[in-house]
Amino acid sequence: MKIMTHKKRLLENFSALAIMQLLNYALPFITFPYLARVLGPTEYGVYIFSQAFIQYFILIVDFGFDLSATREVSIYRDSKEKLSKIVSSILVIKLILLIISLSILILAITFIPQLREYWYIHILTFGMIIGNMLFSIFFYQGIERMKFITIFNSSVKIIFTVSIFFLVKDSEDLFMVPLLNSVGYILVGAISLVTMLKLFRIQLQKPSYEEIKNQFVNSIQFFWSRVAVSLYTTSNTFIIGIVLGPTAAGIFGSADKIFRGFVSLYNPLNNVLYPYVAYSKDIKLYRKIFRFAVASNIIICIIGFVASDFIISLIFGIGFNESAYLLKIMFFAALFMMPSVLMGYPLLGALGKVNYVNKSVIYPSIIHILLLIASLPILSVEKVAYYIVVTEILVFLYRWFGVKKYKFFDGI
C-alpha cells in the first residue's frame with residue numbers, strides 16, 4: 001500500500017510539473033515570434049543577452065539548494081521543526097547572496113562598456129533574482145507537492161504573456177519585457193512564500209551560525225556543479241554577445257531558446273524522480289521510465305532536426321535564418337543530453353553518488369570553456385553550437401560509465 005501511495009504521488013507530481021513545463025514551453029512560442037518581429041534582431045538580442053547575463057546571479061543566489069536542500073527536505077519531511085530550520089537557514093543565505101549579487105551587478109555595469117549601454121535592462125532583469133530568492137522550490141520538491149509550483153508559475157506566466165501584447169509595441173518598449181518578467185517572478189515568489197508559511201506551517205526563525213554554515217557547506221558541491229553546467233549553457237550566449245555583439249547573440253539565442261525550451265521538457269521527470277528515488281530507492285520503476293523516455297526522445301529529436309527550418313521561420317521570421325542550422329546541431333546534442341540528465345541526479349545523485357555526478361559536468365565544462373577561449377579570435381555561432389555537442393557527449397559518456405560501474409543499469 002505504501003509503495004502504491006509513493007507511485008501515485010510520483011504520477012501526480014509528474015503530471016503537475018508536466019502541465020507547467022508544457023505551458024512554459026508553449027507560452028514563449030507565443031511571445032517569441034511577436035518580440036522578435038516587434039523588437040528586431042538587435043533589441044531582441046539585447047533582451048536575450050541580458051537574460052543570459054542575469055542567469056549568473058540566479059546561479060549564485062540559488063547556490064545549488066534545489067539539489068542539496070531538496071534531498072534534505074525529502075528526508076525530514078515529517079518534522080516541521082527541522083523543516084523550519086532548513087528553510088530559515090537557506091533564506092538567510094540567499095538574502096546575503098542576493099545583496100552580494102546586486103553589488104557585483106552595479107560594479108559590472110559601471111566598468112564594463114558592453115554592459116553599460118543597456119544598464120537599465122540588466123537592472124530590470126535583476127528582479128527575476130528577487131523572485132527566485134523568495135520561491136523556495138526546494139521545499140515543494142522535497143515534500144513532493146509539485147502542484148503548488150505549477151499553480152504559482154503557470155498563473156503568472158499567462159498574465160505575463162498577455163501583458164506583452166498590450167504593453168510592448170515597438171523597440172522603444174524593450175524595457176517593458178524584463179520589467180514584466182521580473183514582476184511576475186517576484187509575485188510568484190511572494191505567493192509561494194506565504195503559502196509555505198500559512199498552509200504548511202513553516203515557521204521562519206533566526207537560524208544559528210552552525211545551521212547556516214551546515215547548509216552552506218552541504219550545498220557547495222552542488223553549486224560548483226551548477227556553475228559547471230552554466231559554463232557550457234548560459235555562457236555561450238553571454239560570450240557571443242560580448243565578442244560578436246547583440247545581433248549574433250540574438251541569432252544564437254533564438255536557436256538556444258528553442259533548444260533549452262525543448263530540453264526543459266525533461267525537467268518534470270527529472271524533478272519528480274530525484275526526490276522519489278532518494279526516498280524510495282525504487283530502481284525497477286526508474287529503469288522502466290528511463291527506457292520509455294530515451295525512446296521518446298530519439299523520435300522527437302529526429303522530428304525536430306528535420307523541422308528546424310520550419311520552426312525558426314514560423315517563430316522568428318525574417319532575419320533569423322541562420323538560427324535554423326544552429327538548431328539542427330543542438331537537436332543532435334539533445335540525443336545525448338536527455339539520457340544524461342536522467343542518469344545524473346535522479347539516479348546517481350539520489351543514490352549517494354553526488355561527487356561523481358558533479359565531476360561529470362565539471363570536467364566537460366572545463367573542456368568547453370577551453371575550446372571557447374582557444375577560438376575567440378575566430379569565434380562563430382556555428383563553432384559554439386558544435387562545442388555544445390562535444391560537451392554533451394562527454395557528460396553522457398562520463399555518467400554512462402558511472403552507472404555501469406555501480407551496476408545501476410544491470411538488466412536494463
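Tabulated data
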quantity	calculated
Arg71 open to solvent by 30 Å² or more (accessible area, probe 1.4 Å) and in a helix (DSSP H, G or I)	yes
Residue count, the range 74-92 (criterion: aliphatic (A, V, I, L, M) and crowded, with 20+ Cβ neighbours inside 10 Å)	4
Qualifying residue in the range 137-151 (condition: surrounded by 18 or more Cβ atoms within 10 Å (Cβ to Cβ), on the phi > 0 side of the Ramachandran plot and touching a residue at least 12 places away in the same chain (Cβ under 8 Å))	yes
Unique residue being modelled with pLDDT under 85 and among the hydrophobic types (A, V, I, L, M, F, W, C) when the list is Ile159, Ile191	Ile159
Some residue of the range 187-196 being buried (at least 20 other Cβ atoms within 10 Å of the Cβ) and either more than 30 Å from Ala278 (Cα to Cα) or in contact with a Cys (Cβ under 6 Å, 6 or more places away or on another chain) (or both)	no
Cβ pairs under 6 Å, 6+ apart, first in the range 214-225 and within 15 Å of Ser365 (Cα to Cα), second open to solvent by 10 Å² or more (accessible area, probe 1.4 Å) and modelled with pLDDT of 85 or more	Phe223/Phe63
Selected residue (only one of Ile362, Ile329, Ile366 is within 22 Å of Ala255 (Cα to Cα) and aliphatic (A, V, I, L, M))	Ile329
The range 171-189 residues that are over 14 Å from Gly40 (Cα atoms), paired with ones that are of a type in the set (Val, Ile, Thr) and open to solvent by 30 Å² or more (accessible area, probe 1.4 Å) (beta carbon under 8 Å, 6 or more apart)	Ser182/Ile130; Gly184/Ile159; Tyr185/Ile130; Ile186/Ile130; Gly189/Ile130
Cβ-Cβ under 6 Å pairs, at least 6 apart or on other chains, the range 356-379 side of a type in the set (Ser, Thr, Tyr), far side in a loop (DSSP other than H, G, I, E, B)	Ser365/Tyr232
Qualifying residue in the range 94-104 (condition: within 20 Å of the chain's Cα centre (by Cα) and charged (D, E, K, R))	yes
Residues that are within 20 Å of Leu327 (Cα to Cα) and either surrounded by fewer than 14 Cβ atoms within 10 Å (Cβ to Cβ) or in contact with an Asp or Glu (Cβ under 9 Å, 6 or more places away or on another chain) (or both), drawn from the range 385-402	Ala385, Ile388
Residue identified as within 15 Å of Tyr286 (Cβ to Cβ) and under 22 Å from the mean Cα position of the chain (by Cα) among Leu342, Leu394	Leu342
Residue check for Leu372: under 28 Å from Thr70 (Cα atoms), under 24 Å from the mean Cα position of the chain (by Cα) and surrounded by 14 or more Cβ atoms within 10 Å (Cβ to Cβ)	no
All positions within the range 348-365 that are within 19 Å of Val277 (Cβ to Cβ), in a helix (DSSP H, G or I) and open to solvent by 10 Å² or more (accessible area, probe 1.4 Å)	Val354, Asn355, Tyr356
Members of the range 304-323 found to be surrounded by 19 or more Cβ atoms within 10 Å (Cβ to Cβ) and closer than 20 Å to Ser380 by Cβ, listed by number	Ser308, Ile312, Phe316, Phe320, Ser323
Unique residue being crowded, with 20+ Cβ neighbours inside 10 Å and of a type in the set (Gly, Ala, Ser) when the list is Ser219, Ser163	Ser219
Looking only at the range 237-279, and only at residues there that are among the small types (Gly, Ala, Ser) and surrounded by fewer than 18 Cβ atoms within 10 Å (Cβ to Cβ), the one that is nearest to Ser308 (Cα to Cα)	Gly261
Among the residues listed as Lys80, Lys94, the single one being among the basic types (Lys, Arg) and at pLDDT 90 or above	Lys94
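The values are calculated or read from the model by the stated rules, or taken from the named source; none is laboratory data. Keep in mind that what you see is a predicted model, and the values were worked out from it rather than measured. Because the Cβ atoms are built from the backbone with ideal geometry, glycine has one as well, and the counts that use them run over all protein chains shown. Note: accessible area is taken over every heavy atom of the protein model, side chains too, but ligands, DNA and RNA are not part of it. Shrake-Rupley method; radii C 1.70, N 1.55, O 1.52, S 1.80 Å.
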